[in-house]
């Protein structure tokens, strides 16, 4: 078995998952919930086999696998979401993503986030954010828009743009297509770990909406909110959030 360092393993996992998931669309033979169910199952089985072979001593946390909490006794935990944005994927949209992150002692230390329909994978060890002119946009969830987000956008002079997965929204900030991504109302660690790791590695700001770090490998996987933004806008965004958005726990 070929030895891979952690960054290479994360990259190949994200690439392989994306290829597998895209392959389940072949010929249009499956669609909707059936497509999503099969794609999740096949990609997750492959991921579990890879990790059990290459990192048998590490913990894992995945959306599609029952959580037995043994990961809490591990220093190193892989947090995976084989399809972030299931609705987008299963309806033929492109704004879904693949999340692979390694968390050490609660901190996301590396990750790869894939946009399979664009044939792109963003690695935390090989990434920088676009530091050009402001796009004038803030991205929020299409399916669950957070209360107060439009008031925050108005306060910052930004236009709201709804999008699909958390990974796709974070990458829109990284690529300079948006200035801010924020969400409230709840996500899980697999929604956030890989996007947070890549965002931080690229030089973007990533935190809870109150500015505190997002913690991972908790006993309860729920995370109330997230903010990713251009570093030069951090103070303005946090102030607008504090004024216009209700606190979430």
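The values are calculated or read from the model by the stated rules, or taken from the named source; none is laboratory data. Not measured: the values here are computed from a predicted model. As a convention, Cβ positions derive from the backbone with ideal geometry for all residues, glycine included, and neighbour counts pool all protein chains shown.
What the table below lists for this structure:
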quantity: Filter result for the condition that a residue is in a loop (DSSP other than H, G, I, E, B) and surrounded by fewer than 22 Cβ atoms within 10 Å (Cβ to Cβ), over 125, 154; calculated: 125
quantity: Residue 65 in contact with a strand residue (DSSP E or B) (Cβ under 9 Å, 6 or more places away or on another chain), at pLDDT below 95 and in the same structural domain as residue 10 (by TED's automatic domain parsing); calculated: yes
quantity: Residue in segment 161-178 that is modelled with the highest pLDDT, counting only those that are buried (at least 16 other Cβ atoms within 10 Å of the Cβ) and in a strand (DSSP E or B); calculated: 161
quantity: Counted residues, segment 214-225 - those being surrounded by fewer than 16 Cβ atoms within 10 Å (Cβ to Cβ) and touching a residue at least 12 places away in the same chain (Cβ under 8 Å); calculated: 4
quantity: Within segment 180-201, considering residues that are surrounded by 22 or more Cβ atoms within 10 Å (Cβ to Cβ) and over 14 Å from the mean Cα position of the chain (by Cα), the one nearest to residue 67 (Cα to Cα); calculated: 184
quantity: Flag for residue 41 being over 25 Å from residue 218 (Cβ atoms) and free of Cβ contacts under 8 Å to residues at least 40 places away in the same chain; calculated: yes
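Residues are listed down the side, and each one gets a yes or a no for (1) under 20 Å from the mean Cα position of the chain (by Cα); (2) in a helix (DSSP H, G or I); (3) under 25 Å from residue 77 (Cβ atoms):
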{"site": "8", "(1), (2), (3)": "yes, yes, yes"}
{"site": "13", "(1), (2), (3)": "yes, yes, yes"}
{"site": "16", "(1), (2), (3)": "yes, yes, yes"}
{"site": "19", "(1), (2), (3)": "yes, yes, yes"}
{"site": "22", "(1), (2), (3)": "yes, yes, no"}
{"site": "27", "(1), (2), (3)": "no, yes, no"}
{"site": "34", "(1), (2), (3)": "no, yes, no"}
{"site": "44", "(1), (2), (3)": "yes, yes, yes"}
{"site": "47", "(1), (2), (3)": "yes, yes, yes"}
